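Right, I'll just put the structure down here and ask away after.
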Protein chains: 2
Amino acid sequence: MTRAINDMPGISAATKQRVLDAARELQYRPSRFGRGLVSRGTPTLGLVVVDLTNGFWAELASAVLDEATERGWTVLIAETSHDARSAVATLLDHVDALFGLVDVPETELDELVGPTPIVLLDPKPDLRRRAWVRLDFESAMADAASHLVSKARRRIVMLDWSRSQPRSERATSFVHAVEGLGLDPLVLRHTATSEPSIDLGRLAAEEALVQWPDLDAFVCFNDPIAVGALKACQAVGRSVPADVSIIGVDGSAVGLVVTPELTTLSFDFRELARTAFSTLLASVEGSLADGGPAAHRPVRPQLVVRGSS
Amino acid sequence: MTRAINDMPGISAATKQRVLDAARELQYRPSRFGRGLVSRGTPTLGLVVVDLTNGFWAELASAVLDEATERGWTVLIAETSHDARSAVATLLDHVDALFGLVDVPETELDELVGPTPIVLLDPKPDLRRRAWVRLDFESAMADAASHLVSKARRRIVMLDWSRSQPRSERATSFVHAVEGLGLDPLVLRHTATSEPSIDLGRLAAEEALVQWPDLDAFVCFNDPIAVGALKACQAVGRSVPADVSIIGVDGSAVGLVVTPELTTLSFDFRELARTAFSTLLASVEGSLADGGPAAHRPVRPQLVVRGSS
DNA sequence: CTGAAAGCGCTTACAG
DNA sequence: CTGAAAGCGCTTACAG
């Protein structure tokens, strides 16, 4: 039977055919559990994304899928936009390890994830006892600020977004960069119930244009917010980039679709996926103590200058 | 042990604690195979997409994830953009059923998929012995053609794409619709090795503008191609929609990002996911004979008129 | 080449 | 409450 199904040697053609026929007759399908129990199966990674229709997550998922395939891992994806807890809980029944953004209070994480190895993507400080990948915006934000100043921009507004933090990491880096150049950091923070989308960016930019009528640049939490800001500027007749410069964060495809194309702090998603995997493997092997100073690795975006600045 | 881990009744607090401590000590993680073997686990769907960075597939994946979660299924995603065969083969070790686009020759499908239930998304005719979901463009293309004619368009060019077919289904529907209105159907087909992307759309549109200088409308294989056509028109100074109308197919977010916004034949992705699931369940239960006339259900896009026409 | 036992790691059902 | 046997569906290793 095993010999027929998996066509192994040591079986006569006649017997094999007879078994195969019977299998078809009975609609026999081998159980992945029975098989996995003895042959261990290929390792499976659970990828936790917020929303695949957001370019950042789609690019990340695509890169993780590629990287995982090369390493012989399979990937299971869960979206947390509806219910993070149940999405993660379901994943856990199927995977050997997790990677992604799990935005739950610190006390819940242990209970939710249990002993499964996990690599968190850019977590809040209180979750950093686990292995994690840091998105480090310091140098890219400094580049962005210098670039804007070289274009004679002085009133630069950050359109920030965050669900539970007072300020995102990228906004903190923005403040450092702008203050380092002797300018006032202007930050508009949206802690919305909604995702950081184009629509939200448009609303935020409209608000900012009222609050600081003399603003001459937007630096945005991500590319969708930046696209929204672009739309808002175009709607009120503020020319981009002549009158207002706009810079996003992501480097996803949406920035290439708009006119003018979007200047952005662009991630190398493949590098991000590679970093996540090597962190994960080190963490699984135990060569990396959770939470220790070596338990995370930074990934840095690069300033890509296009038409919007 | 089982009682402690899954905190079931019939165990004293002291013993439970002792077991839990030991488990932590030994880094014990229950095997999903052992567990699944006895408790069957939740059913798992393998979703086969081409490329998550394409809005169509991202929207579809998101909708399938939602639908699956509601039905208590888990979803595993594989991307076929690099290697369809190995992507599907890997998936098969992990799932109970498949849904998606598997673009292999008819003779290979049985060998590749074996007895696993599969619902194909809009397959070529020779693959339709399996259960499948039909994307039916007839009525939407008729609406699109009428709409264009009402805008006094007469020289309408379809920018088609297909990897292995002489003509896509949507191009066939386009030809029916345009001929039905007494016009010449102009079709430019790109059977590229590359995906139907913005860049490809731009190239195709440039080519079409040379071949038919008097064209006054584009109907495109998908929204990325349409966005590329829009960019091509803007690059050569053909005004959209005054001079050239553009209509895409998808209804994904990219069409809302461009200026003018894209008229498109828009899918209800949630409906598509629902249809796939009900087809799948019927197919699994055997209430639906593979290939029979009832083995597929049509999903129809709707014409959504926006600025580009 | 063919057959059947042992064992993978769990949960369920039963005995103590 | 605690312990240990039976069995889930496979593959591997061994006997015939």
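Regarding segment B:79-126, what is the average projected area of its C-alpha convex hull, in nm²? Mind showing how you got there, number by number?
On the way: hull surface 12.9 nm².
For segment B:79-126, the mean projected area of the Cα convex hull comes to 3.2 nm².
May I pose another question? I'd like to know how segment A:141-195 sits against the 2.2 N^0.38 Å rule of thumb: what's its Cα Rg over that expected value?
For segment A:141-195, the normalised Cα radius of gyration is 1.17.
Between rounded, prolate and oblate, where does segment B:1-44 land on the alpha carbon gyration tensor, with a ≥ b ≥ c its root eigenvalues, rounded for a/c under 1.5, else prolate if a/b exceeds b/c?
Cα axes put segment B:1-44 in the oblate bin.
Quote to one decimal, in nm, the extra length available between residue A:183 and residue A:29 on full extension: 0.36 nm per residue of separation minus the C-alpha distance between them.
Additional length available on full extension: 48.7 nm.
In Å, what Kirkwood hydrodynamic radius results for segment A:184-309 from the alpha-carbon pair distances?
Result for segment A:184-309, one decimal place: 16.0 Å.
If each label sits 7 angstrom from Cα along the C-beta direction, how far apart, in nm, is residue B:199 from its counterparts in the other copies?
Between copies, matching label points for residue B:199 lie 3.3 nm apart.
Shifting gears a bit: With 36 Å as the cut-off, how large is the P(r) tail for chain B, expressed as percent of Cα-Cα pairs?
30
Counting only the backbone N, which residues of segment B:163-200 are under 17 Å from the spot 7 Å out from the Cα of residue B:236 toward its beta-carbon?
B:186-190, B:199-200
Pairing the Cα long axis of helix B:269-285 with the longest principal axis of chain B, what angle in degrees results, from 0 to 90 and rounded to the nearest 10?
For B:269-285 against chain B, the angle is about 50 degrees.
Further question on the same structure: How much area per residue is accessible in segment A:138-268 when the probe is 1.4 Å and only protein heavy atoms are counted (Å²)?
Accessible area per residue, segment A:138-268: 37 Å².
Which value, in debye to the nearest 20, describes the size of the charge dipole of the protein assembly as shown about its Cα centre when Lys and Arg Cβ atoms bear +1, Asp and Glu Cβ atoms bear -1, and nothing else is charged? Kindly include the intermediate steps, with their values, before the conclusion.
Details: 62 positive and 80 negative charges, 184 e Å.
Dipole about the Cα centre, nearest 20: 880 debye.
While we're looking at this one, here's another question. Return the percentage of antiparallel bridges among DSSP beta bridges fully within the protein assembly as shown, rounded to the nearest 5 %.
Percentage antiparallel, nearest 5: 10.
Sticking with this one: ³J(HN,Hα) across segment B:6-11 via Karplus (A = 6.51, B = -1.76, C = 1.60, θ = phi - 60°), whole Hz, x for Gly/Pro?
3J(HN,Hα) across segment B:6-11, in whole Hz: 9, 3, 9, x, x, 8.
Ok, one more. Dipole magnitude of segment A:1-146 about its Cα centre, charges +1 at Lys/Arg Cβ and -1 at Asp/Glu Cβ only, in debye to the nearest 20?
1160
So, counting K/R as plus one and D/E as minus one, what does the shell of residues with Cβ under 9 Å around residue B:106 add up to?
-1
Hey, can you grab everything whose amide H is under 5 Å from the amide H of residue A:189? Only 5+ residues off in sequence or another chain; H modelled, so Pro and N-termini drop out.
A:160
Can I ask one more? State the percentage of accessible surface on chain A attributable to carbon and sulfur atoms; use a 1.4 Å probe and exclude ligands, DNA and RNA.
Ligands and nucleic acids excluded, carbon and sulfur give 52 percent.
Next up: Would you work out which of B:164, A:65, A:34 lies farthest towards the positive end of the dipole of the protein assembly as shown, given +1 charges on the beta-carbon of Lys and Arg and -1 on that of Asp and Glu, about the Cα centre?
Projecting each Cα onto the dipole axis, the largest value belongs to A:34.
Sum up the charges of everything whose Cβ sits under 15 Å from the Cβ of residue B:42, counting Lys and Arg as +1 and Asp and Glu as -1, but leave residue B:42 out. Spell out each step's value before the answer.
Details: positive: A:32, B:32, B:35, B:40, B:71; negative: A:93, B:67, B:70, B:96.
Net local charge, residue B:42 excluded: +1.
From the mean inverse distance of alpha carbon pairs (Kirkwood) and the Cα radius of gyration, derive Rg over Rh for segment B:239-283.
Taking Rh as the inverse mean 1/r over Cα pairs, Rg/Rh reads 1.24.
Which lysines, if any, have their Cα less than 23 Å from the Cα of residue B:151, not counting same-chain residues under 8 positions apart?
B:231
Which distances in nm, rounded to one decimal and ordered from shortest, link the label point of residue B:17 to the equivalent label points in the other identical copies, with labels set 7 Å from Cα toward Cβ?
Distances between equivalent label points, in nm: 6.8.
Same structure again: Around residue A:19, what is the net charge, scoring Lys/Arg as +1 and Asp/Glu as -1 over all other residues with Cβ under 14 Å from its Cβ?
+1
Scan around residue B:98 for amide H atoms under 5 Å from its own, H built in the peptide plane at 1.01 Å from N, and keep only partners 5 or more places away or cross-chain.
Result for residue B:98 returns B:46, B:118, B:119.
Nearest 10 degrees, 0 to 90: what angle lies between the long axis of helix A:169-180 and the longest principal axis of chain A (Cα atoms)?
30
Figure the gain on full extension for residue A:302 and residue A:14 (residue separation times 0.36 nm, minus the Cα-Cα span) and round it to one decimal in nm.
97.4 nm
Also: Evaluate peptide A:256-267: per residue, the Cβ atoms of other protein chains within 10 Å of its Cβ; return the mean as an integer.
Neighbouring Cβ atoms belonging to other protein chains average 2 per residue here.
Quote the total accessible area buried by chains A and B together, excluding ligands, DNA and RNA, probe 1.4 Å, nearest 100 Å².
3700
So, one more: When a/c is below 1.5 the answer is rounded, else prolate if a/b is larger than b/c, else oblate, so apply that to the protein assembly as shown with a ≥ b ≥ c taken from the square roots of the Cα gyration tensor eigenvalues.
Oblate is the answer for the protein assembly as shown, as a/c is 1.5 or above yet b/c matches or exceeds a/b.
Roughly how tilted is helix A:198-211, in degrees to the nearest 10 and between 0 and 90, from the longest Cα axis of chain A?
20
Just to confirm my numbers, what's the Cα centroid distance between segment B:13-47 and segment A:235-289 in Å?
With segment B:13-47 and segment A:235-289 each reduced to a Cα centre, they are spaced 37 Å.
If you restrict to DSSP beta bridges whose two residues both lie in chain B, what percentage is antiparallel, to the nearest 5?
10
Here's another thing I want to ask about it. Each residue of segment A:231-240 in turn: what ³J(HN,Hα) in whole Hz from Karplus with 6.51, -1.76, 1.60 and θ = phi - 60°, glycine and Pro shown as x?
Coupling constants for segment A:231-240: 4, 5, 4, 4, 5, 9, x, 8, 6, 10 Hz.
Rounded to the nearest 500, what is the 222 nm mean residue ellipticity of chain A from helices alone, with -39500 (n - 2.57) per DSSP H run of 4+ residues and division by all residues? Please list the in-between numbers first.
Details: 12 runs with 132 residues, N = 309.
Result for chain A, helices only: -13000 deg cm²/dmol.
Moving on to the next point. Peptide A:29-40: average number of partner chain Cβ atoms within 10 Å per residue?
Working: counts 5, 3, 5, 11, 11, 3, 3, 8, 7, 1, 2, 2.
The mean count of partner-chain Cβ atoms within 10 Å per residue comes to 5.
If you take each beta carbon of peptide B:48-56 and count the beta carbons of other chains within 10 angstrom, what is the mean?
Mean inter-chain Cβ contacts per residue within 10 Å come to 4.
Remind me, relative contact order of chain A in percent, using alpha carbon pairs under 8 angstrom and six or more residues apart?
Value for chain A: 16 percent.
The values are calculated or read from the model by the stated rules, or taken from the named source; none is laboratory data. Nothing here was measured: the structure is a model prediction, and the numbers come from that model. Counting neighbours? That spans all protein chains shown, and the Cβs are built from the backbone with ideal geometry, glycine included. Side chains are part of the model used for accessible areas, which takes the heavy atoms of the whole protein and leaves out ligands, DNA and RNA. Shrake-Rupley method; radii C 1.70, N 1.55, O 1.52, S 1.80 Å.
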